[in-house]
Structure formats: C-alpha cells, structure tokens
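Dumping the structure here so I can ask a few things about it.
Just so it is clear, none of the values below were taken in a lab; they were calculated from the coordinates. Computed from a predicted structure; not experimentally measured. Every residue, glycine as well, gets a Cβ built from its backbone with ideal geometry; the counts of neighbours run over all protein chains shown.
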Amino acid sequence: MISPQDFLDSWNRDIYGLINYDEKIINSFSLSPGTKDFLIKAGFPESAPPFLTFESADNGGGDRLVKKNDQLGTMYEKFLYFGFTGSGYPVCIDESNSKLVYIDYDHDNKIVLINTTIANFAETLLVYLEFIKK
C-alpha cells in the first residue's frame, strides 16, 4: 500500500494539481486513521483519469453528501462528499468503513465501490497514469 508521501513524490502536480483538506475538519469525522492521514498529508487530485474531479472545501469537498443533496435520505448521512464522476455522480468516502464510493443517481442511488481504501485508490491512479503514458 502506498504512503501519502510516496503518492506525493510520484504524482505529477504540474498536470493534475492536488487538493488539501483541513486537518481539524478531517479529524472531526469517524474515518480510519489511514484515511485521515492520507487526506491530510496528500489529499485528492483536482482531476484524475478516468473522468474524476475532486473539490476543495470551498466547493463542498469534505462535507456530508446530504448537505450537497438534501433529496437523499438519512441512510446517506454517512457519506462524505469529495468530488464527482464524469457522469456527475458524487464521489464519497463512507464514514462507516472509509471505502471510496460513488452514488449512482440513475440507478436508485445505488452505492458503487470505487476502492476499499484511499491509499489503494491513489496507487491505482498512478498505475492508470502510467498506462496512459504508454
């Protein structure tokens, strides 16, 4: 599993900038220590292939999804919003297990797994970028 520093060392910030999140806000959530550490030290890229966009706290990133979409029921209160897919589906972290997911609005708000940890997700992004280069 990749560390936040290894990700920062490998990520091309000139092409895909990074968004950092406030330590106080991230620590207020019931996320795993590894997830908190990654969000505080490395954050998310502003954009990443394939078709992902992440948002800063100024745009609602790192806030509860139900604040962004009040049409969702209480079962969605555990999701922390961080960005969206190319289809406009919110990309979130499930506060109960720290998994990265998206909510598929076109299929009854189905919860779709992106990756089991942020560190694994970051490592996958790096592999995907290498694939694109080749």
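Please pick out the residue among F121, F82 that is assigned to a strand (DSSP E or B) and under 15 Å from the mean Cα position of the chain (by Cα).
F82
So is I132 loosely packed, with under 15 Cβ neighbours inside 10 Å and assigned to a helix (DSSP H, G or I) or not?
yes
Looking only at the stretch 35-68, count every residue that is polar (S, T, N, Q), buried (at least 16 other Cβ atoms within 10 Å of the Cβ) and not in a helix (DSSP H, G or I) and tell me the total.
Number of matching residues: 2.
Run down F51, F38, F7 and say which single residue is on the phi > 0 side of the Ramachandran plot and either free of Cβ contacts under 8 Å to residues at least 40 places away in the same chain or touching a helix residue (DSSP H, G or I) at 6+ places or on another chain (Cβ under 8 Å) (or both).
Just a single option satisfies the conditions, and that option is F51.
Might you let me know whether the stretch 18-34 holds any residue that is part of a strand (DSSP E or B) and on the phi < 0 side of the Ramachandran plot?
So far as the stretch 18-34 goes, yes, one or more of its residues are part of a strand (DSSP E or B) and on the phi < 0 side of the Ramachandran plot.
So which of I25, I118, I93, I114 is farther than 24 Å from I132 by Cα and surrounded by 16 or more Cβ atoms within 10 Å (Cβ to Cβ)?
One residue alone meets the criteria, I93.
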